[in-house]
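For reference, the structure is listed below as structure tokens.
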Amino acid sequence: MLQIKRFVCNPFQENCYVVSDETREAVIIDCGAFYEEERCAVVDYIVNNMLKPCHLLETHAHIDHNFGNDTISNEFGLKPELHMKDAYLQETLKQQAVAFANISIGYDMPPVGKLLMENNDIKFGTHLFRVLSTPGHTPGSVFYYCEEENVAFSGDTLFNMSIGRTDLESGSYNDIMNSLRRIQEQLPDETTILPGHGAQTTMEKEKQWNPYLNRH
């Protein structure tokens with residue numbers, strides 16, 4: 001059974017997740033930890049629970065989801081994994097920090113460890129995440145979906161009663177709507193959705209009440 005710990009990070013109130021199972025192997029999704037206490041909280045949780053981080057995953061390459069990649073790289077030797085279509089955005093993280101938050105980053109971001117594609121499998125412990133491509137918020141936005149546990153990490157594509165913005169560079173409203181239509185067809189109603197910001201939700205709730213999704 002998955003153990004999922006959420007950390008709300010940085011001025012954008014971004015959700016970072018540490019996901020582990022009974023083997024103590026773990027993945028870290030969207031480490032947006034910016035302030036020192038946030039970075040320490042993530043590292044302390046991993047160390048105190050004797051977890052063995054195997055993957056540092058990105059749902060997309062916006063700075064608010066990646067402030068803490070250097071800490072994870074330094075502490076656990078992991079490099080970020082993200083969809084290949086966001087590789088170019090990954091190279092602009094420092095510029096994004098200045099543009100979006102007026103923050104000058106004085107440290108180097110770790111290089112990309114692996115570029116992902118649709119339907120790649122992320123394995124850790126006894127579990128598997130399937131990469132579902134969901135372009136729109138960014139060209140390389142993805143869901144990480146665990147069919148066995150009926151849970152999906154949606155990044156900034158799908159929120160509780162809302163969707164991600166598409167007015168930033170390379171965003172596309174048409175693409176995100178197409179992505180959401182595919183997700184509705186692929187994911188069962190009972191799937192728990194863990195978004196990049198805000199509270200968790202379910203596919204059933206979003207299908208029924210989210211104004212951007214088809215109602216059933």
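Readers should treat all values here as calculations from the given coordinates under stated rules, not as data from a laboratory. These numbers were taken from a predicted model, which means no experiment stands behind them. Cβ: placed from backbone, ideal geometry, glycine included. Neighbour counts: every protein chain shown.
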State whether the residues of segment 169-178 include one that is in contact (Cβ under 8 Å) with a residue 12 or more places away in the chain, closer than 27 Å to ASP21 by Cα and not hydroxyl-bearing (Ser, Thr, Tyr).
no
Could you please give the count of residues in segment 186-202 that are within 16 Å of PRO135 (Cα to Cα) and either loosely packed, with under 14 Cβ neighbours inside 10 Å or in contact with a Gly (Cβ under 8 Å, 6 or more places away or on another chain) (or both)?
2
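Mind listing whichever residues of segment 178-188 are under 19 Å from the mean Cα position of the chain (by Cα) and either outside any loop (DSSP other than H, G, I, E, B) or aromatic (Phe, Trp, Tyr) (or both)?
So the first thing to find is which residues in segment 178-188 are under 19 Å from the mean Cα position of the chain (by Cα), and the list is 179-180, 182-184, 186-187.
Selection gives SER179, LEU180, ARG182, ILE183, GLN184, GLN186.
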From ILE103, ILE46, ILE72, ILE28, which residue is of a type outside the set (Ser, Thr, Tyr) and farther than 25 Å from GLN200 by Cα?
ILE103
Here the residues within segment 54-80 that are surrounded by fewer than 20 Cβ atoms within 10 Å (Cβ to Cβ) and closer than 22 Å to THR126 by Cα are CYS54, PHE76, GLY77, LYS79
